[in-house]
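Report on the following structure.
The values are calculated or read from the model by the stated rules, or taken from the named source; none is laboratory data. None of the values given here were measured: they were computed from a predicted structure. A quick note on method: Cβ atoms are made from the backbone with ideal geometry, for glycine too, and the neighbour counts reach across all protein chains shown.
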């Protein structure tokens, strides 16, 4: 089977498929799967090499594309079933990497083989699901499938002791620990983001996101709309920075809603799609406005220093600034953050302001080289979100969950479910039917729409398999070995 893949900037597209994840057949099968690359912006004249990494902890296998830009999938890529594989495509000239992109892939379990223990067939799982869904539809269930060694039901503190304030982790099914991810975001869309930063981004072949105050574009000292469009066409992604860099502390939910609608209208008018994050101006936000943020965006970016760990606090994502205006810390301090991410895992989002006098292009080059040599993966903000973001969110998740002001229910990218709002749960093995009765007085979503729930299949862009809105109505979110039924 030949998979046609279009290389366009940093964003590959699997042609003829709505998914952004390849399926490379079944476990231990090979010789049938072939990748054929069609070159777009940024890829002409470069030699292609392709690395297949079946698991974040595994070593990759690199194959050179032939003269027809075709690569046969190597046996090592499909030796085991996986839902966390990655195909990394690099464009190389004179031994120097000029551009790269990532494509997630999965390998299915093969059909039952005599002498082997296998998972129940899909038809059997459907029978289980049909039996577990109550006729009245007044409770929720988590149907979790995993092998005996991977499946358990326990509380977030690792014990079986339950209190009404304990944030519960319902399953630990999922993938193994991911390696470190690093993303870059430049705030404000000043002229220097185009004249200084953009040439550097192109030279280094690195992903970048710019946070745009749409109402200030074309003003003195700011980028023009045409410059932003050119950056977007090249693969630079865009985040919201309001219309005129207004601080959320000045907003009510109603005024913020009007601002974000205006911002989105401008993005549509300029032909810029896929804006999925909001970089809070001055890093400030208000709890009563976060439901409005969640209605429009998948991520809210603060200026609180730290490394984001799964499950993510999606409206409170931490960032570490590079080249701060007050010179409060150095490049070596930022490298120490990279080292910590590599050691502990997690997602490090680095923030720059290309217009600051402290911005240093030479040091940024040095930092990017350091990140690539460290073993961390340099990823676009939204690629990292698709790979590791929460699959399901209801309510306002915060860490530690027991201190959250509102009830929440989150399923993370490892297939684990977290909540502070369920009671009467019991440990179990194999198939787990959790009678998830809400605690007295708790509401996950309401008819007035002041809560939002979303579910998605990672690897799909927002607007594809993303569902948002009031109420929980027969939603089905599937990731790996976790199926969730909301009724």
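Answer with yes or no whether residue 97 is modelled with pLDDT of 85 or more, closer than 19 Å to residue 180 by Cβ and surrounded by fewer than 18 Cβ atoms within 10 Å (Cβ to Cβ).
So residue 97 fits the description; yes.
Find all pairs meeting these conditions: Cβ atoms under 8 angstrom apart; at least six residues apart or on different chains; first residue within region 372-393 and on the phi > 0 side of the Ramachandran plot; second residue part of a helix (DSSP H, G or I) and surrounded by fewer than 22 Cβ atoms within 10 Å (Cβ to Cβ).
Hits for this filter: 375/342.
Tell me which residues, restricted to region 331-361, are under 14 Å from residue 305 (Cα atoms) and either in contact with a helix residue (DSSP H, G or I) (Cβ under 9 Å, 6 or more places away or on another chain) or buried (at least 21 other Cβ atoms within 10 Å of the Cβ) (or both). Give the steps one after another, and end with the answer.
To start, the set of residues in region 331-361 that are under 14 Å from residue 305 (Cα atoms) comprises 333-338, 340-341, 346-352.
Of everything in region 331-361, those that are under 14 Å from residue 305 (Cα atoms) and either in contact with a helix residue (DSSP H, G or I) (Cβ under 9 Å, 6 or more places away or on another chain) or buried (at least 21 other Cβ atoms within 10 Å of the Cβ) (or both) turn out to be 334, 335, 338, 341, 346, 347, 348, 349, 350, 351, 352.
Counting residues that are without any contact (Cβ under 8 Å) to a residue 40 or more places away in the chain and surrounded by 15 or more Cβ atoms within 10 Å (Cβ to Cβ), which strands (runs of 3 or more DSSP E) fully inside region 1-72 reach at least 1? Steps first, answer last, please.
Values: elements: 2-7, 22-26, 34-39, 47-53, 61-64, 70-72.
Strands (runs of 3 or more DSSP E) meeting the threshold: 2-7, 34-39, 47-53, 61-64, 70-72.
Just one of 278, 312 is part of a strand (DSSP E or B), closer than 18 Å to residue 382 by Cβ and under 17 Å from the mean Cα position of the chain (by Cα); which is it?
On the way: 312 fails: part of a strand (DSSP E or B).
After applying the criteria, what remains is 278.
Condition (residue is in contact (Cβ under 8 Å) with a residue 60 or more places away in the chain and surrounded by fewer than 14 Cβ atoms within 10 Å (Cβ to Cβ)) applied to region 224-240: is it met by at least one residue? Spell out the reasoning first.
Filtering region 224-240 down to residues in contact (Cβ under 8 Å) with a residue 60 or more places away in the chain leaves 233-235, 237, 239.
Going one step further and asking which of them are surrounded by fewer than 14 Cβ atoms within 10 Å (Cβ to Cβ), we end up with 233.
Within region 224-240, one or more residues are in contact (Cβ under 8 Å) with a residue 60 or more places away in the chain and surrounded by fewer than 14 Cβ atoms within 10 Å (Cβ to Cβ).
Considering only residues that are surrounded by fewer than 18 Cβ atoms within 10 Å (Cβ to Cβ) and touching a strand residue (DSSP E or B) at 6+ places or on another chain (Cβ under 8 Å), which ones fall in region 73-89?
Filtering region 73-89 down to residues surrounded by fewer than 18 Cβ atoms within 10 Å (Cβ to Cβ) leaves 74-76, 79-81, 88.
Hits for region 73-89 are 74, 76, 80, 81, 88.
Working only within region 31-62, note down all residues that are farther than 15 Å from residue 106 by Cβ and in contact with a helix residue (DSSP H, G or I) (Cβ under 9 Å, 6 or more places away or on another chain). So that I can check it myself, show each step before the final result.
We begin by selecting, within region 31-62, every residue farther than 15 Å from residue 106 by Cβ; these are 31-32, 34, 36-51, 57, 59-62.
31, 41, 42, 59, 60, 61 - these are the residues of region 31-62 that are farther than 15 Å from residue 106 by Cβ and in contact with a helix residue (DSSP H, G or I) (Cβ under 9 Å, 6 or more places away or on another chain).
Among the residues of region 362-394, which ones are surrounded by fewer than 15 Cβ atoms within 10 Å (Cβ to Cβ) and in a loop (DSSP other than H, G, I, E, B)?
Of the residues in region 362-394, the ones surrounded by fewer than 15 Cβ atoms within 10 Å (Cβ to Cβ) are 362, 365-366, 369, 373, 375.
If the condition is that a residue be surrounded by fewer than 15 Cβ atoms within 10 Å (Cβ to Cβ) and in a loop (DSSP other than H, G, I, E, B), then 375 is the only one that fits.
Within region 73-85, can one find any residue that is in a strand (DSSP E or B), touching a residue at least 40 places away in the same chain (Cβ under 8 Å) and in contact with a helix residue (DSSP H, G or I) (Cβ under 8 Å, 6 or more places away or on another chain)? Step through it out loud before you land on a result.
Of region 73-85, the ones in a strand (DSSP E or B) are 82-85.
This time we only want the ones that are touching a residue at least 40 places away in the same chain (Cβ under 8 Å), so: 83-85.
Of the ones still in play, those that are also in contact with a helix residue (DSSP H, G or I) (Cβ under 8 Å, 6 or more places away or on another chain) are 85.
Yes, that holds for at least one residue.
Output the number of residues of region 107-125 satisfying the condition of being touching a strand residue (DSSP E or B) at 6+ places or on another chain (Cβ under 9 Å) and either farther than 24 Å from residue 31 by Cβ or modelled with pLDDT of 85 or more (or both).
Going through region 107-125, the residues touching a strand residue (DSSP E or B) at 6+ places or on another chain (Cβ under 9 Å) turn out to be 107-111, 125.
From what's left, either farther than 24 Å from residue 31 by Cβ or modelled with pLDDT of 85 or more (or both): 107, 125.
Of the residues in region 107-125, 2 are touching a strand residue (DSSP E or B) at 6+ places or on another chain (Cβ under 9 Å) and either farther than 24 Å from residue 31 by Cβ or modelled with pLDDT of 85 or more (or both).
Could we say that residue 397 is assigned to a helix (DSSP H, G or I), touching a strand residue (DSSP E or B) at 6+ places or on another chain (Cβ under 6 Å), on the phi < 0 side of the Ramachandran plot and modelled with pLDDT under 95 here?
Values: assigned to a helix (DSSP H, G or I): no; touching a strand residue (DSSP E or B) at 6+ places or on another chain (Cβ under 6 Å): yes; on the phi < 0 side of the Ramachandran plot: yes; modelled with pLDDT under 95: yes.
Taking the combined requirement at face value, the residue does not satisfy it.
Please pick out the residue among 191, 234 that is farther than 23 Å from residue 334 by Cα and modelled with pLDDT of 95 or more.
On the way: 234 fails: modelled with pLDDT of 95 or more.
On inspection, the qualifying residue turns out to be 191.
Just to verify a result, which residue in region 294-306, among those that are buried (at least 20 other Cβ atoms within 10 Å of the Cβ) and part of a loop (DSSP other than H, G, I, E, B), is nearest to the chain's Cα centre (by Cα)?
This residue is 298.
One line per residue, one yes/no per condition, for (1) part of a loop (DSSP other than H, G, I, E, B); (2) closer than 17 Å to residue 383 by Cα:
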| residue | (1), (2) |
| --- | --- |
| 324 | yes, no |
| 329 | yes, no |
| 332 | no, no |
| 336 | no, no |
| 340 | no, no |
| 343 | no, no |
| 350 | no, yes |
